[in-house]
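Below is one structure, written out as structure tokens; comments come after it.
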Amino acid sequence: MIKKVLNLAFLMLIGISGVVAQNQTVKFGVNGKCDMCKSRIEKAALSVEGVSNANWDKESKIAEITFDSSKTDMHKIQFAIAEAGHDTDMHIAKDENYNKLPSCCRYTRTVGNQNAAESTPGNSGCTRHKKVSGASCCNK
């Protein structure tokens with residue numbers, strides 16, 4: 001009887017451990033200028049399933065994002081921010097999305113940014129000048 005109770009307790013413990021969120025906090029650069037940018041950047045990050053906290057600092061141009069790594073990754077989060085019109089370390093916003101920004105939000109874009117890749121779904125963020133840790137392109 002004791003053996004059955006211990007086995008049941010062990011199985012319940014294994015089941016519970018699989019439910020625990022795998023939270024990760026990362027920081028990365030995001031271009032923007034004002035409080036409207038801050039709101040837009042944070043809203044875009046929070047729109048990604050698994051993101052629990054987003055904070056963009058206007059002065060440093062750094063976003064700090066907390067997310068469940070079993071549900072999403074930095075690529076998806078930075079892609080969502082780029083889709084909102086803001087260049088990130090991994091993705092350059094499409095011109096059409098950047099041009100939709102209010103004039104007060106139009107930051108100076110870096111022409112030929114070699115550290116970012118054009119924002120496209122499935123893009124790992126790697127370029128010929130920079131590899132992204134954990135991305136499939138880094139295995140080549």
ask   = Right, Ala9: modelled with pLDDT under 95, in a helix (DSSP H, G or I) and either more than 15 Å from Ala82 (Cα to Cα) or out of contact with any Gly (no Cβ under 9 Å at 6 or more places or on another chain) (or both) or not?
value = yes
key: Qualifying residues in the stretch 43-72 (those that are without any contact (Cβ under 8 Å) to a residue 12 or more places away in the chain and assigned to a loop (DSSP other than H, G, I, E, B)) - the one surrounded by the fewest Cβ atoms within 10 Å (Cβ to Cβ)   = Glu59
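The values are calculated or read from the model by the stated rules, or taken from the named source; none is laboratory data. Quick caveat, the model's predicted, so the values are computed rather than measured. A quick note on method: Cβ atoms are made from the backbone with ideal geometry, for glycine too, and the neighbour counts reach across all protein chains shown.
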